[in-house]
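What follows is one structure encoded as structure tokens, with my remarks underneath.
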Amino acid sequence: MAGQSPVNDPAQRPAPERSEAPAPGRQAFDKSQSAPRSGSVGMVLLVALLLVAAAAGLIYIGPEYAEAYILGMLAFLGTLGVFALFAMASGIMQMASKDHANPLLKAVVDNAFDGIVVTDQAGRVFYANATYLDLIGASDGNDVRPIERVFIGDPDVSESIYRLLKAARESRRLMEEVRIASPTGEPARWLRMRVRPLGTGRHDSKMTVWSVADVTRERERQENVFQELQHAIDYLDHAPAGFFSVDAKGNIVYLNATLAAWLDHDLAQVGVGSLKLTDIVAGEGAALLNTLNAAPGDVKTEVLDLDLRSRGGKPVPVRLFHKVAFGADGAPGVSRTLVLNRARDDGTDPQRAAEVRFMRFFQNTPMAIATVDKAGGIARSNARFASAFEGLLNDSRSILSVVAERDRPALEQAIAKAASGQGDIAPVEAVLAGKSERWANFFVSSVEEEDRDGEAAIVYALETTEQRTLENKFYQQQKMESVGQLAGGMAHDFNNLLSAIMMATDFLLNAHKPTDPSFQDIMHIKQNANRAAALVRHLLAFSRKQTLRPQVLDLGETLSDLGMLLKRMIGEKVTLDVVHGRDLWPVKVDISQFEQVIVNLAVNARDAMPDGGRLTVRTANILAADCAKLGAKGMPVADYVLVEVSDTGTGIPPDIIDKIFEPFFSTKDVGKGTGLGLSTVYGIVKQTGGFVYADSEPGRTSFRIFLPRHVPGLDEQAPPAVGGLSEPALDSAAAAAANLAKSAASDLTGQGVILLVEDEEGLRALNARGLKSRGYTVLEAGNGVEALEVLAEQGHVDLVVSDVVMPEMDGPSLLKELRARDPKVKIIFVSGYAEEAFAKNLPTNEQYAFLAKPFTLKQLVAIVKQTLAD
């Protein structure tokens, strides 16, 4: 501070030797020794005046009242004395006496190494020991100043003093360390200042104890240790070898400058936890460092040759001396890893170059390799082995522990053969241990002779999990295709039989009145035939050979329209939630078949929740970029619309979830299901070009349906229907099939010559009979060749009704011959297969009508009349 006397600057005054006792002869300043005794002179004078006044009053009182007066005064004084005794006993009043300080404690405080000063709230000093007087350079008791006045004007100390004064006013404890610079060029000093209240009593709490200690030597020792540490770090950073430390989580906690330079990393940008072990170790070498095992409390050191990876991706061949200490609980601690660079030099050491080449071959091979002793204990292994079997090795590091228990004897026997020197040991295919199902092939070969490390055999392991998964998937796909072909063939044959049955029942119903006793029996036959036809349609759906009428639609609107039907089907115990995705893309599906898919899934979900639950139908757009994240195997990368149907039911057991889409597979009781519900879902979705996947666990089952996004093109301005029909013709055919109920009441009679081509003689006869009953002239043929012969004899027909699959010449081949002879001839194909099954064999934009088997007499005559009228 400007104008400050030099005597007021403690830095300019001579100080006692640091951390030594105060100079002998120096006396402490104690203002409390000369302080007046507690008490009040005024109070004493007041008591004396009252006693004199009482004695003077006795003069003016007559003799007759003197005795009473004296007794009253004595009673008053006696009462006052009793109360005083009680007050003294309870501590309210105290006898005034001189306090005698403990000489031992006073001597300790007076001669303490730390400076001690006691002040009141106003900053007046009541006590200061000799050390404090020496620290501030006080010449006598009049020069004793409080802390804040000693260091006034020093900007480096003022903030700390302010915080200490604030703590003193708030009766708190606080400590600060300040650096006192010397303007005379002497070394700066460090002082540690503490402040605390004197006591907890009302009087003591107003007093503050300050202590000041010279900690310069302590700070110098700390700085020396810090400097030595800095030098050690500098030596380690610039040593000719690399060094790093990695924790149990794989975080690099230290990397020296040498290694950072080799790997092209900037140390200024490498913070704790910013680098992982996998960032600097190439390939799968990090697994070798992470899979070290040792007994609790042990320290293990491994020497490893592998490649590190620079920031630019370039491999750096190194030899690691990797040391890890394990705690009492067996957990690995932070490693200490020395790194020696083995990069190729000027070519003077060919052995090192050969070792580097072998190391890269050994560590980077995709096959796991390990050498084992006779008992299967692993002596050494490559990075692929450590990565592939991480978490499977036990504490004994036996290769047998990575294999499931059922396959261990086979691997143990193979190792024993190799240890005995045998060759041509058959590979061992084994299931790996662990919760997930994994497979591997183990190839065991013997070493030339057992070495000093006990290595008796070399084991090569190749994981085959993906291969087996693909094989199982291919087998499942082949099985589904085979079952689909079988189901389609059966459906075709059944359709021919059902067509004959349904046609015959129509004739019988026309010949019997409703009052006839046999009429009901005939109706039962017809109803069961219709039920059989429905089952056949399910088979065709699974085999993807049914006829679809796809149209572009918004799934959100379709599901909203279907919501009321679903609520009635699932009942009141099950809650239905429909979650619509925003801005759903359009899809092109057969709306009736899509509704059948949702209904089948809803019925299955309802049956899986007998006590109630929640059924959720969710839709969303799936971008092509998100396909890989879904885990849907076999689905090409493209844009899809997802329809997810999930429930909170009992779930599907893992051992049967791969069979649920097979026809006639059902977990329901006999008579409660056909086993065709999910197979129908599978067939419809696949025929539409989509994909369906099932995921299940206890309490949740989810079916995910991915339908391709429909992108309108220029070719859809006049789109051809499946089978070559134009959109109006397709609508006409669909309307004709949909309005069969109306056709029953309309006039279905007609005239014309019809060539009926059918290889099933019984069915052909019934169809011909039905058409003749409606006024048509019918010519019959058993196949395409016979049809051409009949047509050659007849010369002209108005319409050809032909089966598709026939011997010698099928329907499409017949159509080509007919077009060559009469381009305007009209034809109706009837088949138990789907339209798409034969439409690909016809010329583009070929005109024809289609009637699916089985059909009734009314359906046949209706489409015949409709086609002749077009």
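Remarks
- When ALA260, ALA294 are screened for being crowded, with 19+ Cβ neighbours inside 10 Å, out of contact with any Pro (no Cβ under 7 Å at 6 or more places or on another chain) and of a type outside the set (Val, Ile, Thr), only ALA260 passes.
- Restricting the first member to segment 71-82 and to residues that are more than 13 Å from VAL47 (Cβ to Cβ), and the second to residues that are part of a helix (DSSP H, G or I) and not charged (D, E, K, R), the beta-carbon pairs closer than 7 Å and six or more apart or on different chains are MET73/ALA54.
- Residue check for ALA328: of a type in the set (Gly, Ala, Ser), over 35 Å from the mean Cα position of the chain (by Cα), surrounded by fewer than 18 Cβ atoms within 10 Å (Cβ to Cβ) and not in a strand (DSSP E or B): no
- ASP143 within 27 Å of ALA107 (Cα to Cα), surrounded by 14 or more Cβ atoms within 10 Å (Cβ to Cβ) and of a type in the set (D, E, K, R): no
- First in segment 235-256 and of a type in the set (S, T, N, Q), second anywhere and part of a loop (DSSP other than H, G, I, E, B) and open to solvent by less than 30 Å² (accessible area, probe 1.4 Å), Cβ under 8 Å, 6 or more apart: SER245/SER335; ASN251/LEU275; ASN256/ALA239
- Filter result for LYS417 (out of contact with any strand residue (DSSP E or B) (no Cβ under 9 Å at 6 or more places or on another chain), more than 13 Å from TYR460 (Cβ to Cβ) and of a type outside the set (A, V, I, L, M)): no
- Residue ID - farthest from SER831 (Cα to Cα), chosen from residues in segment 740-765 that are at pLDDT 85 or above and among the aliphatic types (A, V, I, L, M): VAL753
- Restricting attention to segment 442-457, the residues that are open to solvent by 40 Å² or more (accessible area, probe 1.4 Å) and at pLDDT 90 or above total 1.
- Failed item in (1) buried (at least 21 other Cβ atoms within 10 Å of the Cβ); (2) small (Gly, Ala, Ser); (3) closer than 28 Å to VAL281 by Cβ, with ALA414 passing the rest: (3)
- Any hit, segment 199-206, residues being surrounded by 16 or more Cβ atoms within 10 Å (Cβ to Cβ) and at pLDDT below 85: no
- Matching residues, segment 213-236, being modelled with pLDDT of 80 or more and either surrounded by 15 or more Cβ atoms within 10 Å (Cβ to Cβ) or among the aromatic types (Phe, Trp, Tyr) (or both): ALA213, ASP214, VAL215, THR216, GLU218, ARG219, PHE226
- If you filter segment 374-386 down to residues that are open to solvent by less than 40 Å² (accessible area, probe 1.4 Å) and either hydrophobic (A, V, I, L, M, F, W, C) or under 20 Å from ARG360 (Cα atoms) (or both), you find that the one that is farthest from the chain's Cα centre (by Cα) is ILE378.
- Here is the figure for segment 549-606: residues that are of a type in the set (Gly, Ala, Ser) and touching an Asp or Glu at 6+ places or on another chain (Cβ under 8 Å) total 1.
- The set of residues in segment 593-629 being surrounded by fewer than 16 Cβ atoms within 10 Å (Cβ to Cβ), at pLDDT 90 or above and charged (D, E, K, R) consists of ARG614 alone.
- Residue count for segment 458-483, restricted to those that are at pLDDT 70 or above, among the hydrophobic types (A, V, I, L, M, F, W, C) and over 30 Å from ASP373 (Cβ atoms): 2.
- Elements of type helices (runs of 4 or more DSSP H) contained in segment 336-436, each with 2 or more residues being at pLDDT below 85: 350-364, 383-388
- Against the conditions (1) touching a Pro at 6+ places or on another chain (Cβ under 6 Å); (2) open to solvent by 60 Å² or more (accessible area, probe 1.4 Å); (3) not aromatic (Phe, Trp, Tyr), THR278 satisfies every one except (1).
- Residue satisfying all of: in segment 630-678; at pLDDT below 75 and among the aromatic types (Phe, Trp, Tyr); most open to solvent (accessible area, probe 1.4 Å) among these: PHE664
- Positions within segment 572-592 being modelled with pLDDT under 85, open to solvent by less than 40 Å² (accessible area, probe 1.4 Å) and more than 22 Å from ASP639 (Cα to Cα), in sequence order: none
- Residues that are assigned to a helix (DSSP H, G or I), basic (Lys, Arg) and under 53 Å from the mean Cα position of the chain (by Cα) were ranked within segment 162-177; the one that is nearest to ARG194 (Cα to Cα) is ARG163.
The values are calculated or read from the model by the stated rules, or taken from the named source; none is laboratory data. As the structure is a computational prediction, the values presented were derived from the model and not from experiment. Positions of Cβ are generated from backbone atoms using ideal geometry, with glycine treated the same way; all protein chains shown enter the neighbour counts. Accessible surface is based on the protein model in full, side chains and every heavy atom, while ligands, DNA and RNA are left aside. Shrake-Rupley method; radii C 1.70, N 1.55, O 1.52, S 1.80 Å.
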